[in-house]
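Data block below; observations after.
The values are calculated or read from the model by the stated rules, or taken from the named source; none is laboratory data. Values in this document were obtained by computation on a predicted structure and should not be read as measured data. When we count neighbours, we look across all protein chains shown, and the Cβ atoms used for this are built from the backbone with ideal geometry, even at glycine. Each accessible area value is taken on the protein alone, full model and side chains, heavy atoms only, with ligands, DNA and RNA left out. Shrake-Rupley method; radii C 1.70, N 1.55, O 1.52, S 1.80 Å.
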Amino acid sequence: MDRKITSENLYLLLPGKASSFVRIYINKRGGSVLDALRAYYHSDTYKKLEKEETKYWHYGPVALYEDFEGK
């Protein structure tokens, strides 16, 4: 069984990354889940995350949020 992350199966990781991002976003900024999801899916961080070749899928939730914040 091949468990390699590819551009064809990367989508399987994205909901978990979104969930973790939303928790951090709301904790830091407040707002609703919908606000957090909109910010996440419209961000440059998400654009990088959804491309396998950037390897952003390796990043944990804090690193993704810090990238979102520009830190």
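Suppose the filter is loosely packed, with under 14 Cβ neighbours inside 10 Å and outside any helix (DSSP H, G or I); does Arg3 pass it? Taking the combined requirement at face value, the residue satisfies it.
Cβ-Cβ contacts under 6 Å between residues 6 or more apart (or on different chains), taken from a first residue in the range 30-50 that is farther than 16 Å from Val62 by Cα to a second residue that is part of a helix (DSSP H, G or I), are listed as Val33/Val22. Does the range 12-27 contain at least one residue that is in a loop (DSSP other than H, G, I, E, B), surrounded by fewer than 16 Cβ atoms within 10 Å (Cβ to Cβ), under 14 Å from the mean Cα position of the chain (by Cα) and free of Cβ contacts under 8 Å to residues at least 24 places away in the same chain? So far as the range 12-27 goes, no, none of its residues is in a loop (DSSP other than H, G, I, E, B), surrounded by fewer than 16 Cβ atoms within 10 Å (Cβ to Cβ), under 14 Å from the mean Cα position of the chain (by Cα) and free of Cβ contacts under 8 Å to residues at least 24 places away in the same chain. Among the residues in the range 43-62, are any open to solvent by less than 30 Å² (accessible area, probe 1.4 Å), in a helix (DSSP H, G or I) and over 21 Å from Ser7 (Cα atoms)? No: zero hits. Among the residues here, Glu8 does not qualify as in a helix (DSSP H, G or I), exposed (fewer than 14 other Cβ atoms within 10 Å of the Cβ) and of a type in the set (Asp, Glu).
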